[in-house]
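The values are calculated or read from the model by the stated rules, or taken from the named source; none is laboratory data. As the structure is a prediction and not an experimental result, all values here were calculated from the model. Here the Cβ is made from the backbone with ideal geometry for all residues, glycine too, and neighbour counts use every protein chain on show. Note: areas computed on protein heavy atoms with side chains; ligands, DNA, RNA excluded. Shrake-Rupley method; radii C 1.70, N 1.55, O 1.52, S 1.80 Å.
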Amino acid sequence: MRTLFDKVWDAHVVHQDESGPALLYVDLHLVHEVTSPQAFQGLRLAGRRVRRPDLTLATVDHNVPTGDRRLPIADEVAALQLSTLVDNAREAGIELHDLDSPDQGIVHVIGPELGVTRPGSVIVCGDSHTSTHGAFGALAFGIGTSEVEHVLATQCVVQSRPRTMEVRFTGRPGRGVGAKDLILALIRRIGTAGGTGYVLEYTGEAIRALSMEGRMTICNMSIEAGARAGMIAPDETTFEFLASRPRSPRGEGWTRAVEEWRGLASDAGARYDRSIVIDADTLGPQVTWGTSPGMTAEITERVPDPADATSDAERQSYRRALEYMDLRPGTPLEGLPVDRVFLGSCTNGRVGDLREAADVVRGRRVASGVRAMVVPGSRRVKAAAEAEGLDRIFTEAGFEWRNPGCSMCLGMNEDILSPGERCASTSNRNFEGRQGRGGRTHLMSPAMAAAAAIEGCLVDVRTVARG
Amino acid sequence: MQPFIVHTGRVAALHRANVDTDQIIPKQFLKRIERTGFGPSLFFDWRYRADGSPDPDFELNRPEAQGASILLAGENFGCGSSREHAPWALADYGFRAIIAPSFADIFHGNCCQNGLLPVTLPEKAVRELVRRYEAAADGYELTVDLMTTTVRDARGFEAAFEIAAYRRDMLLQGLDEIGRTLRYEPAIEAFERART
Ligand code: SF4
């Protein structure tokens, strides 16, 4: 009796050291401009070649401008990093989606939408949110640059076997509560190190009911709980999503693939090292109040009091967080004024996320004084959204409609918060300075962020009538 | 990679929980295409004030922390992004070892890949080390010994730590992981053949 994780792991062990780590074969290696240049340089210095360029896919996302793409890139250092990836990919024969490609986008958005993210595969990328791809029943995890070099050279990665944790979401969440709320609630519950050393498998009725996009949101933030990866067993929802993807197998090959994928689900009675259960139907919309994704509360709650913390260390970090966020204990979260709203990122930059936000925005205006932007996760997302007219809903409301990239999720380009600005963001990290030095980030769902844009403050989306 | 066998050096303490890689090396410094030169940007937002001058309140700017090569840190150190720029910056600044109650997964691996030794000690032991560091007004020295897997000072502190045997071997010998993996080339080829 094996879990989903066991099955994928076992099928990829090339070599197992006695009591040491395993050498795992990598089916798909995703590459972006920020964590790869030193790896290619290392290969070159050692006189090594890229072993399987055909299993490697590159894109530019972290460092790209999201404004007018016809203009040259103003930041010279960024431009060099982008052109370095172009050169490296060309030299090694790796498929690259650069700024001109219709498939360019955030690496974790384009893998699934192209159909290269497959159930049962091992996927790595020099990026912690590689966990996103686990939504398809893949074992997908982030690696450092030395490991990127290792994978380029050997198509393998050295890994010690993690433990497994089942996270079961029972029941169905109520109106206005979605995937982002489930994952934030989990991180609040187990903490940002609660998943360290584990691969999480999400199960239960609330997970089964989610779209692939919602499942990706959940797996994406597994790393925010410290986990190595998150996984969800593939089912009809998965197959339906993959059936229409450009790189998915066709005909006979498709039938065979689906058959195989069906066998990946954890066997009844398979054992996990740890299990937790969360009742999805008791949850409300979640929002972070502090500087770590575990500092989460329901929108109807108040800013916590450090005096109520359970340990000295926690009290200290609460104090620091409240000071940085300029919040006073006991203040209701609902009603906190925001300056900026960011819709996008690999957590919530897919077309379903934009639909969810557009439903709230339709026919309304962004509150005066608020600057709100939508940054689609990829060119394909952007095109699909425009085909549905979502761009008009946003622009008519006063949102900026920008070009795809990581943008204000990490603010490597010019999209950043100014010191002291408060932002309602659909991204995944609210660390100090993440969106710009001195910027204050509140993480939430697309619907909640959209509602904040309209009202000019944090608000319970359940109380905002739909347009 | 520079081997790590035993190291004695001055200590600095940054005893906060959940220090993330965005703090260790903020994103505006990730644009470089080299592995070196990140030291001056280490902890940039905490280390410097808005006008660019060093913030005297920041832990690493204290006089007793100058020249430190061993960092005492809080739990879940290095959480967040997979950027290897974080250990590169710590190493470039001059750190050879980090002692904390726990580390984030990817960061831990990244440190080992760069000869920067992550030492996991119980919270109580780390607190005791911080206490000793703070009590020694003119600086505090520790020895981190990977041969015997112990941390000790000159005044009777000694604690053993655990590290995976594989990691320890790589660090002691300064081994290149790729070179090691390439010894299994026949197994990789066989695996590839079996799948096609
Ligand atoms: S969108 Fe944000 S979290 Fe996702 S890959 Fe880009 S920077 Fe990382």
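Just to make sure I understand: if all protein chains stay in place, what is the order of A:Glu205, A:Glu149 by accessible area at 1.4 Å, largest first?
Sorted by accessible area, descending: A:Glu205, A:Glu149.
log10 I(q)/I(0), Debye, Cα-only the range A:373-416, no solvent, q = 0.21, 0.33 Å⁻¹?
-0.66, -1.12
In terms of the ratio Rg/(2.2 N^0.38 Å) built on C-alpha atoms, what value belongs to the range A:1-46?
Against the empirical 2.2 N^0.38 Å value, I get 1.60 for the range A:1-46.
Decide, for the protein assembly as shown, between rounded, prolate and oblate: order the square roots of the alpha carbon gyration tensor eigenvalues as a ≥ b ≥ c, take rounded if a/c falls under 1.5, and otherwise choose prolate if a/b is larger than b/c, else oblate.
Rounded is the answer for the protein assembly as shown, as its axis ratio a/c remains below 1.5.
What residues qualify as long-range amide H neighbours of A:Ser275, i.e. H under 5 Å apart, gap of 5 or more or another chain, H built at 1.01 Å from N?
Excluding prolines and chain starts, which carry no amide H, the hits are A:Glu166.
Could you derive backbone 3J(HN,Hα) for the range A:334-350 from the dihedral phi with the Karplus parameters 6.51, -1.76 and 1.60 (θ = phi - 60°), listing whole Hz in sequence and x where the residue is Gly or Pro?
5, x, 5, x, 10, 9, 9, 9, 10, 10, x, 5, 6, 7, 9, x, 9
Could I have the simple spin-label model distance between B:Glu192 and A:Arg302, label points 7 Å from Cα toward Cβ, reported in nm to one decimal?
Label-label distance for B:Glu192 and A:Arg302, simple model: 6.4 nm.
Compute the separation of the alpha-carbon centres of the range A:234-259 and the range B:50-75 and state it in Å as a whole number.
Here the answer is 54 Å between Cα centres.
Could you work out the helix-only [θ] at 222 nm for chain B, with each DSSP H run of four or more residues adding -39,500 (n - 2.57) and the total divided by the number of residues, to the nearest 500 deg cm²/dmol?
Result for chain B: -9000 deg cm²/dmol, rounded to the nearest 500.
In Å², what does the accessible area per residue of the protein assembly as shown work out to with a 1.4 Å probe?
Accessible surface, normalised per residue, equals 36 Å².
Starting from the alpha-carbon convex hull of the range B:8-140, give the projected area averaged over all orientations, in nm².
Averaged projected area of the range B:8-140's Cα convex hull equals 7.5 nm².
Could you check the spin-label model distance between B:Thr149 and A:Leu71? Points 7 Å from the Cα along Cα→Cβ, value in nm.
5.6 nm
Rank these residues by their accessible area, most exposed first, probe 1.4 Å: A:Met444, B:Met147.
So, going from the largest accessible area down, we get B:Met147, A:Met444.
What list of ³J(HN,Hα) couplings, whole Hz, do you get for the range A:172-178 from phi and the Karplus terms 6.51, -1.76, 1.60, once you set θ to phi - 60° and write x for glycine and proline?
10, x, x, 4, x, 10, x
Compute the distance from the alpha-carbon center of the range A:189-226 to that of the range B:149-167, in whole Å.
35 Å
Could you sort A:Ile232, B:Ile5 by accessible area so the largest value comes first, with the probe set to 1.4 Å?
Largest accessible area first, the list is B:Ile5, A:Ile232.
Return P(r) of the range A:179-285 (all Cα-Cα pairs; 10 Å bins starting at 0; whole %; ordered from short to long distances).
Once binned at 10 Å, the Cα pair distances of the range A:179-285 give 13, 41, 32, 13, 1.
Starting at the first residue of the range A:294-300, write each ³J(HN,Hα) from the Karplus equation 6.51 cos²θ - 1.76 cosθ + 1.60 with θ = phi - 60°, in whole Hz, x for Gly and Pro.
In residue order, the calculated couplings are x, 7, 10, 9, 7, 4, 7 Hz.
Could you work out what % of the accessible surface of chain A is carbon and sulfur, using a 1.4 angstrom probe and leaving DNA, RNA and ligands out of the count?
Roughly 47 percent, rounded to a whole number.
What's the extension gain from A:Thr463 to A:Arg262 if we count 0.36 nm per residue and subtract their Cα-Cα distance?
68.3 nm
Run the 1.4 Å probe and let me know the accessible area of A:Lys382, rounded to the nearest 10 Å².
My reading of the accessible area for A:Lys382 is about 40 Å².
When the Cα centres of the range A:76-118 and the range A:272-339 are compared, how far apart do they sit, in Å?
Here the two parts' Cα centres lie 37 Å apart.
The range A:216-300: which trypsin sites (Lys or Arg not before Pro) are DSSP loop and have at most 12 other beta-carbon atoms within 10 angstrom?
A:Arg250
Once you order the gyration tensor axes a ≥ b ≥ c over the Cα atoms, which shape class does the range A:63-113 get: rounded for a/c under 1.5, otherwise prolate or oblate by comparing a/b with b/c?
oblate
Would you compute the Debye intensity of the range A:87-130 from its alpha-carbon atoms alone, equal scatterers and no solvent, and pass along log10 I(q)/I(0) at q = 0.26, 0.29 Å⁻¹ to two decimals?
These q points yield log10 I(q)/I(0) values of -1.14, -1.20.
Summed for both chains, how many Å² of accessible area, to the nearest 100, are buried between B and A with a 1.4 Å probe?
Using a 1.4 Å probe on protein heavy atoms, the buried area is about 4500 Å².
What FRET efficiency comes out for A:Ser244 versus A:Ala209 if R0 is 30 angstrom and r is the Cβ-Cβ distance? Round to the nearest 0.05.
Efficiency, rounded to the nearest 0.05: 0.90.
Got a number for the accessible area of A:Cys423? Probe 1.4 Å, square angstrom, nearest 10.
A:Cys423 exposes around 0 Å² with every protein chain in place.
Taking amide H atoms as placed 1.01 Å from N in the peptide plane, list the residues 5 or more away in sequence, or in a different chain, whose amide H sits under 5 Å from that of B:Leu117.
B:Ala97, B:Ile98
In deg cm²/dmol, rounded to 500, what helix-only [θ] at 222 nm does chain A give when every DSSP H run of at least 4 residues adds -39500 (n - 2.57) and the total is split over its residues?
That comes out to -9500 deg cm²/dmol.
For a quick check: with amide H placed at 1.01 Å from N, whose amide H comes under 5 Å from A:Gly142's, ignoring anything fewer than 5 positions away on the same chain?
A:Thr130, A:Ser131
Convex hull over the Cα atoms of the range A:229-365, averaged projected area in nm²?
The orientation-averaged projected area of the Cα hull of the range A:229-365 comes to 13.6 nm².
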